[in-house]
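*Asks:* Got a structure for you, written out below as structure tokens; questions coming shortly.
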């Protein structure tokens, strides 16, 4: 079967155009919010704290803050992107067009992941204005950035299909993802916790994302890079299988 590049491009360009129309909300707001974290935690509080694993506190929190924005924005962008056609009814035109599920997902998820990757790079550049840091493994930083954005954009696509109202689009990022990110080692190393809490924290999937991303920056991590990468790929596979099931059954797409 020939891949319909024109269909993918049309969906992708439409979603990206929405970003440029709402540039202040889509890009400027997350960057400014994250900058405030650097000012408060990195400069004000960080100047009074000792190093963690030989890294200044301001530099230590950079991967966690980037991951916090990356996860939230990936989910929000993808969920809103697919939910709007459902809300307006144009989803039926997409489904009836000669466009395969793979092409639909590629267009929506590709645009959401692109926005998140751009935002992640902007936050990384902004961090350099507040904190001095070096990157130990640039290739892995970019790799984790792309893999995480893609995985959670797929997750956001699932949420957008599942949600039957705009209020539900905010439930997952606000009530689940953000707390898990804060409790997943964004601002501390889990080795600083009591042993029992270290074991409990390992059940938080975000720990593996932040740990792997921090390893790519500074060559230090709470869990091995192999486990971090494996957990991310497993979640990616689960999202792909779930989306495949959604299109196969028409769950909340054709009703």
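*Asks:* Could you tell me how many cubic angstrom of Cα convex hull volume segment 155-224 has per residue? Provide the component values of the computation, followed by the final result.
*Replies:* Details: hull volume 7.2 nm³, N = 70.
It is 103 Å³ per residue.
*Asks:* How high is the FRET efficiency between residue 40 and residue 90 when r is their beta carbon distance and R₀ equals 30 Å, given to the nearest 0.05?
*Replies:* Values: r = 42 Å, r/R0 = 1.41.
So, using R0 = 30 Å, E works out to roughly 0.10.
*Asks:* Just the number: Rg to Rh for the chain, Cα atoms, Kirkwood Rh, two decimals.
*Replies:* Numbers: Rg = 18.9 Å, Rh = 19.0 Å.
Across the chain, the Cα-based Rg/Rh ratio is 1.00.
*Asks:* Hey, another quick one. Please determine, in degrees from 0 to 90 and to the nearest 10, the orientation of helix 205-218 with respect to the longest principal axis defined by the Cα atoms of the chain, where the helix direction is its Cα long axis.
*Replies:* Relative to the chain, helix 205-218 is tipped by roughly 60 degrees.
*Asks:* Expressed in nm to one decimal, what extension gain is obtained for the pair residue 202 and residue 9 from 0.36 nm per residue of sequence separation less their Cα-Cα distance? Show your work: numbers first, answer last.
*Replies:* On the way: separation 193, 0.36 × 193 = 69.48 nm, distance 3.98 nm.
This chain segment gains 65.5 nm when fully extended.
*Asks:* Give the angle, between 0 and 90 degrees and rounded to the nearest 10, that separates the Cα long axis of helix 225-249 from the longest principal axis of the Cα atoms of the chain.
*Replies:* Approximately 20 degrees, to the nearest 10.
*Asks:* At a Förster distance of 41 Å, what's the computed FRET efficiency of residue 33 paired with residue 245, Cβ-Cβ distance as r, to 0.05?
*Replies:* Working: r = 35 Å, r/R0 = 0.85.
Calculated transfer efficiency: 0.70.
*Asks:* Grab the Cα-Cα distance for residue 219 and residue 137, subtract it from 0.36 nm times how many residues apart they are, and report the gain in nm with one decimal.
*Replies:* Values: separation 82, 0.36 × 82 = 29.52 nm, distance 0.77 nm.
In short, 28.8 nm is gained.
*Asks:* Hey, what angle do you get for helix 62-88 against the long axis of the chain, alpha-carbon based, 0 to 90 degrees rounded to 10?
*Replies:* Tilt relative to the chain: about 10 degrees.
*Asks:* Stretch residue 118-residue 252 to full length: gain in nm at 0.36 nm per residue minus the Cα-Cα span?
*Replies:* On the way: separation 134, 0.36 × 134 = 48.24 nm, distance 3.06 nm.
The residue 118-residue 252 span can extend by a further 45.2 nm.
Coordinate-derived values only; no laboratory data. Keep in mind it's a predicted model, so treat the numbers as computed, not measured. Using ideal geometry, Cβ is built from the backbone for each residue, glycine included, and neighbour counts are taken over all protein chains shown.
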